[in-house]
Amino acid sequence: MTTLSVVIPAWNEEEGIQAIIRRVLATRSALAEAGLRGLEIIVVDDGSADNTAALAAAIAATHPEVKLIRHAHNGGYGAALKTGFAAAQGEWIGFLDADGTYPPEYFPLLYREALRQNADIVIGSRMAGAESHMPWVRRLGNRLFAHLVSLVSAQRITDSASGMRLFKRALLERLYPLPDGLNLTPVMSTRALHEHLRMVEFPIPYHERIGRSKLSVIRDGMRFAQSIIWTALHYNPVRPLGLLGLAALVLAALIALGVVILRVQGVTALGPWGAFAVFAGLVLTVSGLSILSLGISFNYFVALFHRRPVRQGLFGRPLVAISLDRHFGWMGLMALLVSAALALSSLALGARGWPTARLWFYYLAAASLALVGIQLLVTWVQMEVLRALQARSERVQADMHAHNGRSRIEHPSPETPASPTPVEVSR
């Protein structure tokens, strides 16, 4: 018999707690028809100062499937959910808010969708086309968070922060650690995608909450974005860092192209904006390459820590970045050689009488190439060391498995004890 545990975190929700518990209880027959014949409801009172706990306890007294867990102090939305997850006995865990915004009547549909698509997690998406009364500010924020998760994980999602979802309890170890705050849901979404869990979305209606919202759009929005990026950095650092580095390099290339066009047109002096553009181009070139290199090297550290193959997924395809860093050595040498040739040629031309107004561009290009070359060589050396460490780790595991496969320890049968080896005793 497949069972479901529904966790309801509650903090000062006396206006809606009994209504949401009763609505979940009312889904028992629909859940049974879908294949979930056991229902457990876990209400976690997160240090409420009102009658939330007393009202939940009143229902629990007459319904044994309802359990109440109380926090002595307010620990946060995520902390309350994790307390409920730890106490859950069901093979599947669902959760939703206590304020009536999410429809518990959709849990049977979420489970059917999980079976239909063989999913590990089903998210009730508020942004997938169903009726929604979400304020436009929060709708905009949720779209931004969803796009951010899609960007850092290379997989599309429409509602990364939905507070109604269904997942297999056996997957908790792969989803943890999770934060204690409201940012638990986007972190769970980001971690699930990077853990390659099968996560699908199902459209649900969304209604205005009962009581005052506890969400701070600016403070919690910043926390959501920060949590998404940091979680992605723990799995595939080259994607967020690499995309940022490439963006800087593209801007630097556009600036360089503009300067070259001006130089070909005979412009030798730049105004204030032109000088700033040249400065910005130089900074963007060095910083972009440094950030890209940092992302590539971080992926090796992550692979060494988790003892798994290096995953350099810059554009969702693992060969893009890993093939690039293997060429950093000769690319760095070439940049240094061109830089030296350009600098020495400019010095020779200056000695012959060329004015500085004509030479500054070549010196600037030589300096940029020198910095790029040094960065490429340093990164190449670092990558070679990390590759050697990764290869050593893989060889150790391969040798250990090969030894275990070749050898077999013979144990004497209990029925036929081994004969003792005769020992000659000298007298």
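What whole-number value in Å² describes the accessible area per residue of the stretch 3-147 for a 1.4 Å probe?
Working: 5970 Å² over 145 residues.
So the stretch 3-147 comes to 41 Å² accessible per residue, rounded to a whole number.
Got a sec to turn the phi values of the stretch 73-85 into Karplus ³J(HN,Hα) couplings, 6.51 cos²θ - 1.76 cosθ + 1.60 with θ = phi - 60°, whole Hz, x for Gly and Pro?
9, 5, x, x, 4, x, 4, 5, 5, 5, 4, x, 4
So what is the relative contact order for the stretch 1-149, in percent, with contacts set as C-alpha pairs under 8 Å and at least six apart?
On the way: 233 pairs, mean separation 45.6, N = 149.
Over the stretch 1-149, the number comes to 31 percent.
Give me, ordered by chain and number, the residues 5 or more places off E201 or on other chains with an amide H under 5 Å from its own placed amide H.
Here I123 satisfy the definition.
Near the amide H of F95, under 5 Å away, which other amide H atoms are found, from residues 5 or more places off or on another chain, if H is placed in the peptide plane?
Those qualifying (amide H under 5 Å, at least 5 residues apart or on another chain) are V7, R165.
Quick one: what does P(r) look like for the stretch 74-204 with 10 Å bins over all Cα pairs, in whole %?
In whole percents, the pair-distance histogram is 12, 47, 37, 4.
How would you order 34-47, 224-237, 274-287 from highest to lowest mean count of nearby Cβ atoms within 10 Å?
Details: 34-47: 21.5, 224-237: 19.4, 274-287: 16.4.
Result, highest mean first: 34-47, 224-237, 274-287.
Can you pull the percent of the stretch 1-146's accessible area that's carbon plus sulfur, 1.4 Å probe, other chains left in place? Each step should come with its number before you reach the end.
Numbers: 3150 of 6040 Å².
Answer for the stretch 1-146: carbon and sulfur cover 52 percent of the accessible area.
The values are calculated or read from the model by the stated rules, or taken from the named source; none is laboratory data. Keep in mind it's a predicted model, so treat the numbers as computed, not measured. Note: ideal-geometry Cβ built from the backbone for every residue, glycine included; neighbour counts use all protein chains shown. Only protein heavy atoms, including side chains, enter the accessible area calculation; ligands, DNA and RNA are left aside. Shrake-Rupley method; radii C 1.70, N 1.55, O 1.52, S 1.80 Å.
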